1. Compute the helix-to-body angle for 4-14: its Cα long axis versus the longest principal axis of the chain, expressed 0 to 90° and rounded to tens.
2. Once you keep just the Cα pairs under 8 angstrom separated by 6 or more residues, what percentage relative contact order results for the range 62-120?
3. Using only the Cα atoms of the range 1-132, build the gyration tensor, take square roots of its eigenvalues as a ≥ b ≥ c, and label the shape rounded, prolate or oblate: rounded if a/c is under 1.5, else prolate if a/b is larger than b/c, else oblate.
4. Only Cα pairs within less than 10 Å get springs; with that Gaussian network setup on the chain, which residue of ALA127, ALA19, ALA60 has the largest fluctuation?
5. With +1 assigned to the C-beta of every Lys and Arg and -1 to the C-beta of every Asp and Glu, and no other charges, what is the dipole magnitude of the chain about the Cα centre in debye, to the nearest 20?
6. Using just the helices of the chain, give the 222 nm mean residue ellipticity in deg cm²/dmol: DSSP H runs with n ≥ 4 each add -39,500 (n - 2.57), and the total is spread over all residues, rounded to 500.
7. Among GLY50, MET62, PHE28, which residue has its Cα furthest toward the positive end of the charge dipole of the range 1-69, with +1 on Lys/Arg Cβ and -1 on Asp/Glu Cβ?
8. Roughly speaking, to the nearest percent, how much of the chain's 1.4 Å accessible area is carbon and sulfur?
Amino acid sequence: MIRIEEVLGRVQAHVPELAGRIEGAGKFAELIEQDRLPQQTPAGFVLPGGMTGGPATAAAGMFLQNFRESVIVVVVVRVAGDPLATRAIDEAAPIVRKVVTAVAGWGPDDAPGIFVLERAELVGAKAGALVFQIDFALDDQLRIAG
């Protein structure tokens, strides 16, 4: 259900700046734990954002429930010699836009919905690097035969 690998593959295929530089939650957690940033940027990470249940029905041995699943893409951009990160914004904006374009409006074949952009924002700056968080949501449905 959590669509991390599918979103990671989608970004990898459609955002050349992040090709070979986008990873999952494990690597992101490792960097956070060590209070480090990626060595090479731009870099990206795809993380689970959670799920929210919606209306449910049960009839004739079938349980159906709509839910919304969130996936987060984090993008880190650093520009050498730019401690205030002013040039990093100019470099990050097109990458963030490409991530949004790659994911928003697309949906996995087995999901009834498509990903929508929920928000994108600058969430941090450190050592000349900027960290952007882009949140997407997908409407999906549980179908469980009882």
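The values are calculated or read from the model by the stated rules, or taken from the named source; none is laboratory data. No experiment lies behind these values; they were computed from the predicted model shown. Glycine also receives a Cβ, built like all others from the backbone with ideal geometry; neighbour counts cover every protein chain displayed. Surface areas here come from the heavy atoms of the whole protein model, side chains and all, with no ligands, DNA or RNA. Shrake-Rupley method; radii C 1.70, N 1.55, O 1.52, S 1.80 Å.
1. Taking the Cα atoms of the chain, the angle to 4-14 is about 50 degrees.
2. Relative contact order here is 18 percent.
3. Taking the square roots of the gyration eigenvalues as a ≥ b ≥ c, the range 1-132 is prolate.
4. Of ALA127, ALA19, ALA60, the Gaussian network model singles out ALA60 as fluctuating most.
5. With Lys and Arg at +1 and Asp and Glu at -1, about 180 debye.
6. Computed mean residue ellipticity for the chain: -8000 deg cm²/dmol.
7. The residue sitting farthest along the positive end of the dipole is MET62.
8. Ligands and nucleic acids excluded, carbon and sulfur give 55 percent.
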